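A short worksheet on the structure shown next.
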Amino acid sequence: MESNQNFSESVNREQGKITRELFLDWIGLIARLTLGIVLLIAGAIKIPTPYKAAAAMRAYELLPNSLASFFGYILPWFEVGLGLLLILGVALRITGLIGALLMILFIGAISSAWARGLSIDCGCFGGGGEIDPKDTKYLQEIIRDFGLAIAGFYLYFRPRTPFALDNRGK
């Protein structure tokens with residue numbers, strides 16, 4: 001009788017482990033798609049008007065204008081590429097880390113603008129540049145990017161997710 005009880009306890013533990021693993025896999029899928037879709041949309045919105053993305057980058061007043069413009073022109077393409085890799089589930093450990101670090105960089109830039117009293121739109125989804133001080137949304141943007149950074153770090157530490165191209169042959 002005791003061996004039957006031990007067996008059923010071990011089966012229940014194994015089922016719980018499988019359920020937990022599946023749950024964590026699905027959390028990874030949500031993290032991957034959320035970060036990937038946000039990056040894809042943010043980049044795609046800026047690609048048709050690269051001069052606005054460059055102006056948004058210059059508005060932060062963190063880099064010399066020529067360097068800020070350069071990054072403003074290439075950032076949308078980088079976001080689209082990284083977003084597509086995340087959505088497809090390619091190289092999840094590194095793409096998750098790059099996505100997380102990019103969000104930390106954005107948090108730093110937004111925090112810097114806020115601390116220096118600049119009144120700018122972050123330019124995250126197009127637009128950018130100076131705005132009325134009452135229209136700034138620094139805290140919301142920082143919270144959003146913090147959540148996205150967590151998603152990226154989750155993928156770095158736990159890259160296995162359903163429907164990822166990384167899973168081919170596994």
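The values are calculated or read from the model by the stated rules, or taken from the named source; none is laboratory data. Treat the numbers as computed from the prediction; the structure is a model and nothing was measured. Glycine gets a Cβ as well: all are built from the backbone with ideal geometry, and neighbour counts include every protein chain shown. Ligands, DNA and RNA are stripped out before the accessible areas are found, and what is left, the full protein with its side chains, is counted by its heavy atoms. Shrake-Rupley method; radii C 1.70, N 1.55, O 1.52, S 1.80 Å.
Yes/no per residue for (1) of a type in the set (Phe, Trp, Tyr); (2) modelled with pLDDT of 95 or more; (3) surrounded by 10 or more Cβ atoms within 10 Å (Cβ to Cβ); (4) under 30 Å from residue 77 (Cβ atoms):
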site	(1), (2), (3), (4)
1	no, no, no, no
15	no, no, yes, no
19	no, no, yes, no
27	no, yes, yes, yes
35	no, yes, yes, yes
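Residues in the range 129-146 that are assigned to a loop (DSSP other than H, G, I, E, B) and closer than 21 Å to residue 103 by Cα were compared, and the one that is least open to solvent (accessible area, probe 1.4 Å) is 136. Checking each residue in the range 142-159 for being free of Cβ contacts under 8 Å to residues at least 40 places away in the same chain and not aliphatic (A, V, I, L, M) picks out 144, 147, 157. Please verify whether the range 111-120 includes one or more residues that are open to solvent by 30 Å² or more (accessible area, probe 1.4 Å), touching a residue at least 40 places away in the same chain (Cβ under 8 Å) and more than 22 Å from residue 73 (Cβ to Cβ). Checking the range 111-120: at least one residue is open to solvent by 30 Å² or more (accessible area, probe 1.4 Å), touching a residue at least 40 places away in the same chain (Cβ under 8 Å) and more than 22 Å from residue 73 (Cβ to Cβ). Whether a residue is among the small types (Gly, Ala, Ser) and either outside any helix (DSSP H, G or I) or free of Cβ contacts under 8 Å to residues at least 24 places away in the same chain (or both) was assessed, and residue 54 passes this test.
Those residues that are surrounded by fewer than 18 Cβ atoms within 10 Å (Cβ to Cβ) and among the aromatic types (Phe, Trp, Tyr), I need them from the range 54-91; list them, please. Listed by number, the residues that qualify are 70, 71, 73, 77, 78. Of the residues making up the range 78-128, those that are more than 15 Å from the chain's Cα centre (by Cα) and in a helix (DSSP H, G or I) are 109, 110, 111, 112, 113, 114, 115. All of (1) out of contact with any Lys or Arg (no Cβ under 8 Å at 6 or more places or on another chain); (2) open to solvent by less than 30 Å² (accessible area, probe 1.4 Å) hold for residue 94 with one exception: (2).
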